[in-house]
Amino acid sequence: MPWKETCPMEERLKFVVEVERGDYSIAKLCEIYRISRKTGYKWLNRWRAEGFAGLVERSREPHNHPNQIPEEIENSIVALRYRHPFWGPKKLLARLQRSEPEKHWPVQSTVGEVLKRHGLSCKRKRSRRTPPYTQPFEHINEPNDVWSADFKGWFRTGNGNRVDPLTILDSASRYLLRCQAMVKPTMVKVRCIFEEAFREYGLPGAIRTDNGMPFASRALGGLSRLSVWWTLLGIIPERIAPGHPEQNGRHERMHRSLKQAVAKPPAPNPRKQQQAIDRFVQEYNHLRPHEALGQETPAQYYRPSNRTFPKRIHEPEYSREHIVRRVRTNGEIKWKSKKIFLSEVLIGLPVGLVEDDNDLWRIDFGPLSIGMLNERFWKISPI
């Protein structure tokens, strides 16, 4: 039977759930899962007759074992695994212990054996481990110290629409603040999603992203219109080094779970895809235990920021050592009778220049140092 080489049990469960949902015909789903219609109807009939147990391969093992755990306990483990097919023994055990602490649950290794016995355990390919990148997370101690944001790789829904999921995560609690499947991710729409998050949860201290649009640009200081707006709100835009996604490893790990849950098979249209994403967000935040949080859920750890979204955004202020210049409509500033191009993303906003060395002036935009002005050659260079 040509089920995909992930885990036959997971594929069967996803297949029957998609059939019951009714978004696709049985024939179409059999084509997607690359199985015959005879095989598809066999597992669908077993599912409807026996429920979860009908999807398990018929076992030839003895029905009784000398060290067998109580049937009620085993059934609870198996049932929870069916509801959360991507959870391992550690997360399953933590969830069961929290929901029913009065019961005597087995150890983690026994839970793993139960999953193997029921065909619910899949071997993973061993990957080479690299040392974790810890430097960017040194100042992440509390919720809202740093949020991270990224676009999950785009894919197409069943009707051919391209969707780009925008994800916003609190780095300390792993709380998924936003996960929005965007059909046309323009800067205006992205800003609206961030504003909704700011109004609901308050402002973070910093937001960490990669170097792509709309988070960054090739302008001076790597600033984009979005990151300029963040800076005016008192949020520091942080960017990982190009080609080093491990510097935002917590976000990348969440993306892996998101892909497992909603990308295959894709929903028939963007609206259905967003519904699947919303179900994932609910589970990820409120049900799924996280090892780094002591097997608590992100919702148990996260709390909104004390910094609320302001009614009015103020321009940055500078010290007495700064000489302030306002960026003109063509992106230039006037400095000692000369016009020097700075950046179009800062049009209308004040920047501060402070003397750094002979003929060198550091250019600041709020708390950010974005470039150096060399008076000898009248050139601006990035820092």
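Any read-out appearing in this document is the output of simple, stated calculations on the displayed coordinates, not a laboratory observation. Nothing here was measured: the structure is a model prediction, and the numbers come from that model. Heads up, the Cβs are rebuilt from the backbone with ideal geometry, glycines too, and the neighbour counts pull from every protein chain shown.
Key figures
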read-out: Alpha-carbon Rg/Rh ratio, for the chain, with Rh computed the Kirkwood way; value: 1.09
read-out: Rounded to the nearest 20 debye, dipole of the chain from Cβ charges on Lys, Arg, Asp, Glu; value: 1460
read-out: Inter-part distance where the range 94-112 and the range 337-383 are each reduced to a Cα centre, Å; value: 60
read-out: Percentage relative contact order, the chain, counting C-alpha pairs under 8 Å, at least six apart; value: 12
read-out: Options 293, 214, 316, ranked by Cα towards positive dipole end of the chain, top entry (Cβ charges); value: 214
read-out: Stokes-Einstein translational diffusion, the range 135-301 - Kirkwood Rh over all Cα pairs, 0.890 mPa s, 25 °C, in µm²/s; value: 150
read-out: Computed over the range 161-258, the ratio Rg/Rh where both radii use C-alpha atoms and Rh is Kirkwood; value: 0.93
read-out: Whole-percent pair-distance distribution, where bins are 10 Å wide, for the alpha carbons of the range 289-349; value: 17, 25, 18, 15, 18, 7, 0
read-out: Between 0 and 90°, nearest 10: helix 108-117 axis offset from the chain longest Cα axis; value: 60
read-out: Enclosed volume per residue, in Å³, of the convex hull spanned by Cα atoms of the range 323-381; value: 75
read-out: Gyration tensor (alpha-carbon) shape descriptor, the range 8-117, a/c threshold 1.5; value: prolate
read-out: Neighbour-limited loop hits for trypsin sites (Lys or Arg not before Pro), the range 323-381 (at most 12 other Cβ within 10 Å; DSSP other than H, G, I, E, B); value: 336, 376
read-out: Residue pairs, from the table 38/264; 264/311; 311/379, whose Cα atoms sit over 30 Å apart; value: 264/311; 311/379
read-out: Nearest-ten-degree value, helix 89-99 long axis tilted from longest Cα axis of the chain; value: 90
read-out: Cα coordinate range in the range 230-383, projected on the principal axes (Å, largest first); value: 61, 34, 32
read-out: Dipole of the range 323-381 [Lys/Arg +1, Asp/Glu -1 at C-beta], most positive-end residue of 340, 361, 373; value: 340
read-out: With at most 13 other Cβ atoms within 10 Å, longest stretch of the chain clear of loop GluC sites (Glu not before Pro) (DSSP); value: 139-316
read-out: Using alpha-carbon coordinates, inclination of helix 249-262 to the longest axis of the chain, degrees; value: 40
read-out: Fraction of antiparallel bridges per DSSP, the range 135-301 only, in percent to nearest 5; value: 65
read-out: Candidate lysines - alpha carbon under 28 Å from residue 103, same-chain residues fewer than 8 apart omitted; value: 90, 91, 116
read-out: Which listed pairs, of 42/272; 14/189; 28/259, have C-alpha distances above 30 Å, in listed order; value: 14/189
